[in-house]
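First comes the structure, then the notes that go with it.
The values are calculated or read from the model by the stated rules, or taken from the named source; none is laboratory data. Since the structure is predicted, the reported quantities are computational estimates derived from the model, not experimental observations. A quick note on method: Cβ atoms are made from the backbone with ideal geometry, for glycine too, and the neighbour counts reach across all protein chains shown. Just so you know, the surface numbers come from the protein's heavy atoms only, side chains and all, with ligands and any DNA or RNA stripped out. Shrake-Rupley method; radii C 1.70, N 1.55, O 1.52, S 1.80 Å.
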Amino acid sequence: MSNLKNFYINGQWVAPSAANDFDVINPSNEEVCATISLGGEADTNAAVAAARAAFESWAFTPKAEKLALLRKLLEIYKARSEEMAQAMSMEMGAPMKLSRAQQVGAGSWHLEGFINAFETFEFDTPYTATEMTLREPIGVCALITPWNWPMNQIVLKVVPAIAAGCTVVLKPSEVAPLSGILFSEFMDEAGFPAGVYNMVNGDGPGVGSQLSAHPDVDMVSFTGSSRAGKLISKSAADTLKRVSLELGGKGANIIFADARADAVTDGAVRCFRNTGQSCNAPTRMFVERSRFDEAVVQAKEAAEATKVAPASEDGGHIGPLVSEMQFDKVQGLIEVGIKEGATLLAGGPGRPDGLNRGYYARPTIFTDVTPDMTIYKEEIFGPVLCLMPFDSEAEVIEMANDTPYGLTNYIQTEDTEKRRRVARRLRSGMVETNGSGFAQGSPFGGYKQSGNGREGGVFGIEEFLEVKAVSGWND
């Protein structure tokens, strides 16, 4: 990767306006794995200006030309998938098996879904015999993405924005920027016109804040913490730009007495996946009381069977947390859970045995967790599960909804009517039932402090469009 210290602006790789080096740390060994540059205001302005200059032409580029470029991008993405898997594994700690199959796979899956949706998407639709509804690109879009699922989030923003006819400036996470740089190489190789896609590395207080407040940016799409989402919304308010947010979560996994035998084990494994660093992780497990004792045994066994190892190793283990800051946060919350009186069923503070270097956390489960406890309320973003009993359907619905978040909840029951009934009562943008995953192009997003946008397929394209009514179209 030859462009570590450069930005992609107006169809070419350019040096930053000022030297501002930033070391990228490999979380598996705490060593520097790359050094990038963080952008300044001049770099942000140059990228926005390039996107603004390219907008008029790109907005009216025929759909067939855009589709051809997106198909070329997919071809390049698949051909260079191993490079991407290696980059993400090194920068954010995803084990190679997970990186190849799910981290890389999420990007190609969503890209295929957007191509399929775009092929049949109608931008102009008749409202009456004489009135037409036009869907037009909103303009220049700032796309700010996180480190935990890099390609998932970059593709979910860049591709629909460009398909809609917008031009973009991407700011990947500075914690895990290598995948964003590599994706920019893919975009360049695919041959998108100069200025349609731009990328500047930077941190939140710098480039992130500059993009959020920039008068020539028409929309900000952000994925990250609810705290940062609030700051971005405030920063964007002065220019009244559209803000689309996909934020944190505190998902409930409701396991009724008639759930399949492996529901608890699968739920724990799902919570620990990606080392618990997923906004849609099912981190609160509610088990009907008649199965609770059995669930305690199963969950403990699942945690103890979860291997922790370096990301460079292949296999079904979990890797490290992404950074020292994240490691300290997770360790601190585990300590708080113990201090506030929760019972430690498995795991606990410190690194797993045999790992004395790297940001590794022990898969941890708490029982006797009450709603006033910090670990019940806060998003931990680590391999930590809270396990609690419930007695009735009404009680567990209230428990699941007792959170400021509302991204994804989970239901396990063989009773179809109960499953549907409870799903309607849960205040979240997504409800996964009985381990059945969501379809390609399904809308991803949340309620409450989990955000206000929807990503994926047709929903993702619509996020970047304005709606215009034109009367007398056929007069």
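Points to keep in mind about this one:
- Residue within region 95-103 that is part of a loop (DSSP other than H, G, I, E, B), more than 20 Å from I138 (Cα to Cα) and not acidic (D, E) present: yes
- Qualifying strands (runs of 3 or more DSSP E) (wholly inside region 2-68; at least 2 residues being at pLDDT 95 or above and among the hydroxyl-bearing types (S, T, Y)): 31-37
- Taking region 370-399 as the range and being in a helix (DSSP H, G or I), open to solvent by less than 30 Å² (accessible area, probe 1.4 Å) and over 28 Å from V322 (Cα atoms) as the test, the residues that pass are V396, I397.
- Any hit, region 273-281, residues being out of contact with any Pro (no Cβ under 6 Å at 6 or more places or on another chain), open to solvent by less than 10 Å² (accessible area, probe 1.4 Å) and more than 24 Å from L98 (Cα to Cα): no
- Only one of the listed residues (G206, G191, G180, G202) is over 17 Å from K72 (Cα atoms), open to solvent by 10 Å² or more (accessible area, probe 1.4 Å), in the same structural domain as V243 (by the TED database) and of a type in the set (G, A, S). That residue is G206.
- Meets criteria (out of contact with any His (no Cβ under 7 Å at 6 or more places or on another chain), closer than 28 Å to G224 by Cβ and open to solvent by 10 Å² or more (accessible area, probe 1.4 Å)) for E131: no
- Residue under evaluation A213, criteria (1) out of contact with any Cys (no Cβ under 7 Å at 6 or more places or on another chain); (2) open to solvent by less than 20 Å² (accessible area, probe 1.4 Å), criterion not met: (2)
- The number of residues in region 162-177 being buried (at least 23 other Cβ atoms within 10 Å of the Cβ) and either outside the structural domain of C141 (by the TED database) or not in a helix (DSSP H, G or I) (or both) comes to 11.
- Filter result (within 28 Å of the chain's Cα centre (by Cα) and hydrophobic (A, V, I, L, M, F, W, C)) within region 331-354: L333, I334, V336, A346
- Close pairs (7 angstrom Cβ cut-off, 6 or more residues apart or separate chains): in the same structural domain as F183 (by the TED database) in region 111-122, open to solvent by 80 Å² or more (accessible area, probe 1.4 Å) and part of a helix (DSSP H, G or I) anywhere: I115/R71
- Those residues of region 455-475 which are within 29 Å of A228 (Cα to Cα), in contact with a strand residue (DSSP E or B) (Cβ under 7 Å, 6 or more places away or on another chain) and either free of Cβ contacts under 8 Å to residues at least 60 places away in the same chain or open to solvent by 70 Å² or more (accessible area, probe 1.4 Å) (or both), in sequence order: E466, V467
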